[in-house]
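To keep things clear, I will list the structure first and then write my remarks on it.
The values are calculated or read from the model by the stated rules, or taken from the named source; none is laboratory data. Since the structure is predicted, the reported quantities are computational estimates derived from the model, not experimental observations. So basically every Cβ, Gly included, is an ideal-geometry build from the backbone, and we count neighbours across all protein chains shown. Surface accessibility is based on the protein's heavy atoms, side chains included, excluding ligands, DNA and RNA. Shrake-Rupley method; radii C 1.70, N 1.55, O 1.52, S 1.80 Å.
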Amino acid sequence: METLRPGRMSAPGIKEPTEAIARARAGDAEAWGELYRDYAPAMFRFCRRALPTREDAEDATMEIFMKLKGKLVQYDTTRSFSAWLYKVAANHCWDILRRRKIRQDKETDDLDNVPLEHPDPSQLDQLIEQRSSEEVRKALEKLGGRARMALLMRYYSDMSYDEIADALGVRRAFVGVVLLRARHELRQALEGNAALAAGGAS
């Protein structure tokens, strides 16, 4: 059975909205509303994982769709529409965090502290699947801004290392280091939350 990547837009019944995109590009407001209804909930969930508060996520979702309306003519219909949406959302959220300079500590100056062991991605996937979305969001909040966004860009937005490096303003070679640390920290946060919950239940 295929393991669903965390947060991947997998709502049943949503196919690539080729017809709606064509109509929206031609100025059809109803088609634009259809795209918004289908994709805004997933965009909000993504923003909620990336940004500090619910209000931030709500504002960002609206801002992203306003931006998308202007960018729709640039969309390459040979690519996945949802992947393109996630890429726009990831870049927008990172711009917000960078402007606010939220938790820019522990980002690039502590390479000596990078764990040597390589967390098994499938083990992390299993941990994420076993947790509620609220637990995952709280665990992500414990990560530094750049580490959190690198994870979201890679595993939710399917962005390449080159695209992540460009968005985060780091060397491509550093992206792997950021992701390694981020996976390690996320696993620790998820396991720590589980231990706390078990301790409270006993």
Q. How many residues, within the stretch 71-82, are of a type in the set (S, T, N, Q) and in a loop (DSSP other than H, G, I, E, B)?
A. 3
(Q) Just checking, does the stretch 28-36 include any residue being under 20 Å from the mean Cα position of the chain (by Cα), at pLDDT 90 or above and open to solvent by 20 Å² or more (accessible area, probe 1.4 Å)? (A) yes
**Q.** Hey, residue 57 of a type outside the set (S, T, N, Q), at pLDDT 90 or above and closer than 16 Å to residue 88 by Cβ or not
**A.** yes
Q.
So residue 134 ticks every box in (1) without any contact (Cβ under 8 Å) to a residue 12 or more places away in the chain; (2) more than 19 Å from residue 42 (Cβ to Cβ) but one. Which box is left unticked?
A. (2)
(Q) Quick check on my filter: what residues within the stretch 48-70 are over 14 Å from residue 36 (Cβ atoms) and either in contact (Cβ under 8 Å) with a residue 12 or more places away in the chain or not in a helix (DSSP H, G or I) (or both)? (A) 48, 49, 50, 51, 52, 53, 56, 57, 60
